[in-house]
Amino acid sequence: MLPRKYRLSDDVQIQKVKKEGRLYNQKDVSVLVSPNNLPTSRFGFVVSLKVSKRAVVRNRVKRVLRKVVLDLLEKTCSGYDVLFLTKSSIQETNETEISRQVESLFLQAKILK
């Protein structure tokens, strides 16, 4: 589980990232990245009903994404809000492929040290 200080939890924060963020795409996941002028980076996850109508599947996708972010947390630069947007094809993708895609997205967004 991500510690609270690394989470985008408030709807106002998420809407700000949606409005001001820059979009980066991969096959199964996209990220919106926006600077936040804070000493830490914060992460949010959006898994819509288009991915699956079953909450079990949507929650699994969020757990996998949180684990990948937690593994990359030490390598990420501080001062960014990152919002993950998932595509419906992510439910068939394994964890290592998701991890590779997220790392690639972080490299594209230049938020890895």
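FYI, it's all coordinate maths here, none of it is from the lab. The shown structure was predicted, so the numbers you read here are calculated from the model rather than taken from an experiment. Backbone-built Cβ (ideal geometry, glycine too); neighbour counts: all protein chains shown.
Quick notes
- Residue list for segment 34-49, restricted to those being under 23 Å from Glu97 (Cβ atoms) and outside any loop (DSSP other than H, G, I, E, B): Phe43, Gly44, Phe45, Val46
- Among the residues of segment 59-83, the one identified as buried (at least 17 other Cβ atoms within 10 Å of the Cβ) and among the acidic types (Asp, Glu) is Asp81.
- Selection within segment 90-99 - over 22 Å from Gly21 (Cβ atoms) and either hydrophobic (A, V, I, L, M, F, W, C) or surrounded by fewer than 16 Cβ atoms within 10 Å (Cβ to Cβ) (or both): Glu92, Asn94, Glu95, Thr96, Glu97
- Single residue of segment 1-33 satisfying the filter (surrounded by 18 or more Cβ atoms within 10 Å (Cβ to Cβ) and part of a strand (DSSP E or B)) that is nearest to the chain's Cα centre (by Cα): Val31
- Taking the listed residues Arg100, Arg22, Arg66, Arg54, the one that is out of contact with any Cys (no Cβ under 9 Å at 6 or more places or on another chain) and within 20 Å of Met1 (Cβ to Cβ) is Arg66, with no other qualifying.
- Subset tally (residues that are part of a helix (DSSP H, G or I) and under 27 Å from Pro39 (Cα atoms)) for segment 50-97: 14
- The residues listed here are Thr93, Thr86; of these, the one that is of a type outside the set (Phe, Trp, Tyr) and within 9 Å of the chain's Cα centre (by Cα) is Thr86.
- Only residues that are more than 13 Å from the chain's Cα centre (by Cα) and part of a helix (DSSP H, G or I) were counted across segment 101-113, and they come to 2.
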